[in-house]
Amino acid sequence: MTAPISQAEWERQRRDATQAMPQVIDAVGLPKVLLPYQAKAVGLLDSAARNVLFVEKSRRVGLTWGLAAYAVLRAGRERAAKGMDVMYISYSQEMTREFIDACAMWAKAFSIAAMDSDELLFEDANPADPTDTKHIQAFRIRFASGFEILALSSAPRGLRGKQGAVIIDEAAFVDSLPELLKSALAFLMWGGQVVVCSTHNGTDNPFNQTIQDILAGRKSYQHLRIDFDTALRDGLFQRICLVTGETWTPEAEAEWRQKIISDYGDGADEELFCIPTQGTGAWLPAPLIEARMTAEAPVLRLELPANYMQMNHLEQAILLAPFMKQLADAVGTLDPRPHYALGFDFGRVADLSTLSLLAIEQRLKRREALSIEMRNVPGKEQKLIVGAVLEHVKGRLVGAAFDATGMGWTVAEDMGRKYGLKEAEDSPGLVWAIKFTEEWYRLQMPPLKGAFEDDQIALIPDAEHLADLRMVKLIRGIPRVPPVREGETGKKRHGDYAIALALAHFASRMRWVEYGYRPVAHRHEIQPGQMQMTAAEADWEDLSTEGRGWWDGPLGVRFRGNV
């Protein structure tokens, strides 16, 4: 699944993706162009005019590609040969466009007469309120048989009253699978078909519940399971090598398999091996996250040795210098035009410290401009690094939200001394120290998910960030990161990036109030006739200015209230 791009770039990518098809057909022959598990799905559907097929599958195995072949074979037949319309439904417009492209390619390969694909607006009227009519973009291919393939990016009420075969792709992620199935199953009365396929999205998801009903014999639907290893045994990697021109070897396949599993991290069981997670499943589907990973920006990672605190200052500076150079280069290339929002999740011993910097574009889309991860980094160095980022964007900063749980409060407090510590929505200051509660997650996480769904956020592509975002689960109806840590011993992750991103997105949406201050004058700046400082004030002045670094602000911003 690809992210929304320009029409020209889309056409180029689709040409690149499909131009290998003729060589594959030449190499293996048209009857064998489908891999065994793809052919089995098509065979099950082609063997009966009336059936319902549920497929639980791994990602990256090309089942949608095989279903596109079946859609062309079914819609290209005449009515006497049991031809019918085929409707494809998924939650993403990108997936529907790709499905139509695949169907067009199959029509050419099968030499089936088809008109060019076109776009249309599908009217979705509410029977209870005729004025409530939505216009939904759809994609269509018409065939000489008189039937058509219609691909929709949502589940319109207008599905009722239609007839034919319907394919519901990534069904575990549609808004309301039970309601969609109620409309689709009516197709069976006049010889239609219903195909429901998806990766899993938790044990409590309606998709998995239906699978369990099938396995328990409570429903008579057909069932097919295609996990990652099944696809590999049926030749998935050999086909990939054929398309890419690489040489297949068992060693290369084993290495590729392990890399894919490692990329998915804690989500591998659910995403690749058809094992739904406990609870209500991942909050964000992996295809949606990947579709939004389009930002071109660096991810800087710093890990210090366990004995860092026992080193002398020179040794510490030598260790830190390369990273600080990378950071200076990264912030030096930031675009000075947009406003910025920052989120920071603190970790010191068990967890990572993560920073996400979002640029707010002219059309209000949030684009990630920088991400930083720190492991085993002391608090002083963390403040130095975070302060360097804030100092560079301070003229365009709308706000920064910091994890203030435990030791995280110290970083938030020090940054608040310079930029103002915010305590309520209408209070001044740029730094808001967040103590996480269920209420905070309940109110602030849904807007982040909406940004993913509405293409209003662009993230830096990163496999570990993808795994962190997939760790967010619905717990008692509220999206948050479970307490379980994932990863190798000593380097476990706890959804750290997901929290930093949620904080940055929260900061980008808050109403930030600018305020001014007059710094307290140093003793040598006091003019004759002005009120002199008391001895206690003078002692505090000496204490507060001693050793002050470039990241510390004037004394006046260290106080809250009526200074």
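Bear in mind these aren't lab numbers, they're just calculated from the coordinates by the rules spelled out. All figures in this text were calculated on a predicted structure; none of them were measured in a lab. Because the Cβ atoms are built from the backbone with ideal geometry, glycine has one as well, and the counts that use them run over all protein chains shown.
Please state, to two decimals, what the Cα-based radius of gyration of region 388-470 comes to when divided by 2.2 N^0.38 Å (N = residues).
Numbers: Rg = 14.7 Å, N = 83, 2.2 N^0.38 = 11.8 Å.
Computed over Cα atoms of region 388-470, the ratio equals 1.24.
Average the reciprocal distances over every distinct pair of alpha-carbons in region 294-509, invert the result, and give the Kirkwood radius in Å. Could the numbers behind the result be given before it?
Values: mean 1/r = 0.0571 Å⁻¹.
The answer is 17.5 Å.
Can you put 414, 468, 263, 335 in order of Cβ neighbours within 10 angstrom, beginning with the fewest?
Numbers: 414 21, 468 26, 263 15, 335 11.
If I rank by nearby Cβ atoms, fewest first, I get 335, 263, 414, 468.
Determine, for 91, 37, 340, 441, the number of other Cβ atoms within 10 Å of each Cβ, and report the residues in order from fewest to most. Before the final figure, lay out the partial values.
Numbers: 91 21, 37 24, 340 28, 441 18.
Listed from fewest to most nearby Cβ atoms, that is 441, 91, 37, 340.
List the pairs from 325/365; 40/259; 422/473; 325/394; 219/473; 449/473 whose alpha-carbon separation is above 18 Å, in the order I gave them. Intermediate results must be reported in sequence, preceding the final value.
On the way: 325/365 29 Å; 40/259 27 Å; 422/473 29 Å; 325/394 20 Å; 219/473 29 Å; 449/473 12 Å.
Pairs exceeding 18 Å: 325/365; 40/259; 422/473; 325/394; 219/473.
Filter the GluC sites (Glu not before Pro) in region 183-282 down to the DSSP loop ones having no more than 13 other Cβ atoms within 10 Å, then list what survives.
Sparse-neighbourhood loop GluC sites (Glu not before Pro): 246.
For a quick check: sort 277, 203, 64 by the number of other beta carbons within 10 angstrom, fewest at the front. Walk me through the intermediate numbers first.
Values: 277 23, 203 16, 64 20.
Least crowded to most crowded, the residues run 203, 64, 277.
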